[in-house]
Amino acid sequence: MKTSDFDYHLPPELIAQTPVEPRDHSRLMVLKRSQGSVEHRRFFEITDYLRAGDVLVFNDSRVIPARIKGRKADTGGRVELLLLRRLDTAVWETLVKPGKRVDIGTRLEITGDSASNIKVWAEITGLGEDGVKVARFSDEKLLLQLGKVPLPPYIHTPLVDAERYQTVYARVLGSAAAPTAGLHFTPQLLKVIEDKGVHLLFVTLHIGLDTFRPVREEDPLKHPIHKEYGILTQEVATELSKAKREGRRIICAGTTTVRIVEQAAQASRISLLAPFEGWVSLLALPGYRFRLVDAMLTNFHLPRSTLLMLVAAFAGRDFIISAYEEAIAQKYRFYSFGDAMLIL
């Protein structure tokens with residue numbers, strides 16, 4: 001197995017720059033693994049594929065205002081910070097641009113507009129790979145008041161409403177990127193699904209910037225998988241265990257949800273799922289045995305990415321690559337604001 005096995009060519013015009021309105025009117029490609037078939041629908045028609053007793057699991061992480069502008073305290077030089085991962089109170093892994101001259105000990109001044117009078121100080125306390133720095137901030141709450149919600153690097157059109165890069169059920173601050181499979185749901189659609197007898201459950205996995213980074217190693221097993229902090233409560237663990245025991249389907253909305261559910265299943269090592277809180281580092285490649293997930297909702301992922309590999313592990317590499325080729329031919333919209341895929 002090579003990383004190049006998960007490569008494909010995407011015409012740039014198919015990278016969605018703006019979200020579809022309303023949310024649930026994006027397109028939906030439905031893959032049926034048992035039949036090897038593909039259907040083309042609209043997202044709100046997902047209800048046709050759900051049945052009473054199903055469990056639909058969502059990631060309720062909320063994107064933080066992680067893009068911060070500041071100045072170097074000594075020279076006044078402008079810098080931009082992107083908060084990646086919270087390590088401790090007011091301590092974050094941070095991507096700094098331009099970062100070559102921002103060394104350990106550098107102090108940064110972060111301010112709001114002239115009317116706010118808000119000021120936060122930062123100090124670079126550590127250096128990592130690929131330009132990542134560790135920064136300690138004087139006030140974390142004030143810091144988040146000064147930032148803006150970041151968009152992925154492949155989106156170049158400004159977003160009019162920042163809430164369109166949040167799911168309607170997002171509630172736990174912590175992600176640098178949205179769990180995009182959930183962007184298609186509206187409150188009304190969720191109610192229709194729940195009224196149909198589908199159980200809605202919520203886990204939390206805070207998404208980092210590495211979700212956009214392609215695998216650089218030709219052997220994907222040598223790729224340093226990114227860790228993301230997640231929480232799966234006792235209540236959710238009990239409900240998932242009961243559903244599995246009763247033969248009811250567990251459907252995950254998004255690859256991030258799949259990762260924490262499967263990590264929790266691995267960590268339990270027993271027939272009964274235990275609650276989970278900690279770092280999630282699951283790398284699912286073809287051949288991986290899924291323990292809990294029966295169906296998956298996802299968007300279309302970047303080439304050579306661990307997320308595409310996970311989807312290929314679930315549905316089969318050849319089936320997924322063929323489906324992506326068909327999606328390109330049918331001019332589906334790709335990536336964060338793009339269309340969706342339901343794998344049954």
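For this structure, a couple of remarks:
- Options V203, V168, V192: the member that is modelled with pLDDT of 90 or more, part of a helix (DSSP H, G or I), more than 28 Å from G99 (Cβ to Cβ) and in contact with a Ser or Thr (Cβ under 9 Å, 6 or more places away or on another chain): V192
- Some residue of segment 49-67 being surrounded by fewer than 12 Cβ atoms within 10 Å (Cβ to Cβ) and part of a strand (DSSP E or B): no
One line per residue, one yes/no per condition, for (1) of a type in the set (G, A, S); (2) in contact with a strand residue (DSSP E or B) (Cβ under 7 Å, 6 or more places away or on another chain); (3) farther than 23 Å from L307 by Cα:
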| position | (1), (2), (3) |
| --- | --- |
| L10 | no, yes, no |
| A16 | yes, yes, no |
| S34 | yes, no, no |
| H40 | no, yes, no |
| I46 | no, yes, no |
| K100 | no, no, yes |
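- Residue match in segment 136-153 (condition: farther than 25 Å from V20 by Cα, of a type outside the set (F, W, Y), in contact with a Ser or Thr (Cβ under 8 Å, 6 or more places away or on another chain) and at pLDDT 90 or above): yes
- Of all residues in segment 135-150 being assigned to a loop (DSSP other than H, G, I, E, B) and free of Cβ contacts under 8 Å to residues at least 60 places away in the same chain, the one that is surrounded by the most Cβ atoms within 10 Å (Cβ to Cβ): D139
Yes/no per residue for (1) more than 30 Å from G247 (Cβ to Cβ); (2) within 19 Å of the chain's Cα centre (by Cα):
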{"site": "V30", "(1), (2)": "no, no"}
{"site": "K69", "(1), (2)": "yes, no"}
{"site": "D88", "(1), (2)": "yes, no"}
{"site": "L95", "(1), (2)": "yes, yes"}
{"site": "V102", "(1), (2)": "yes, no"}
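- Within segment 9-43, being surrounded by 15 or more Cβ atoms within 10 Å (Cβ to Cβ) and in a loop (DSSP other than H, G, I, E, B) holds for L10, A16, Q17, P19, V20, S26.
- Residues of segment 194-203 that turn out to be in contact with a strand residue (DSSP E or B) (Cβ under 8 Å, 6 or more places away or on another chain) and surrounded by fewer than 18 Cβ atoms within 10 Å (Cβ to Cβ), as a count: 2
- Taking segment 240-331 and the strands (runs of 3 or more DSSP E) fully enclosed by it, no element has 2 or more residues that are at positive phi, assigned by TED's automatic domain parsing to the domain that holds L28 and under 19 Å from the mean Cα position of the chain (by Cα).
- Yes/no for L81 being in a strand (DSSP E or B), at pLDDT below 90 and either exposed (fewer than 15 other Cβ atoms within 10 Å of the Cβ) or within 22 Å of the chain's Cα centre (by Cα) (or both): no
- Leading residue by the ranking (modelled with the highest pLDDT) among those in segment 84-103 that are among the β-branched types (V, I, T) and either farther than 14 Å from G208 by Cα or part of a loop (DSSP other than H, G, I, E, B) (or both): V91
- Counted residues, segment 274-297 - those being out of contact with any strand residue (DSSP E or B) (no Cβ under 8 Å at 6 or more places or on another chain) and more than 15 Å from H206 (Cβ to Cβ): 10
- Total residues in segment 261-282, condition surrounded by fewer than 12 Cβ atoms within 10 Å (Cβ to Cβ) and of a type in the set (V, I, T): 1
The values are calculated or read from the model by the stated rules, or taken from the named source; none is laboratory data. Since we're looking at a predicted model, the values are computed, not measured. Note that we place each Cβ from the backbone using ideal geometry, even for glycine, and neighbour counts take in every protein chain shown.
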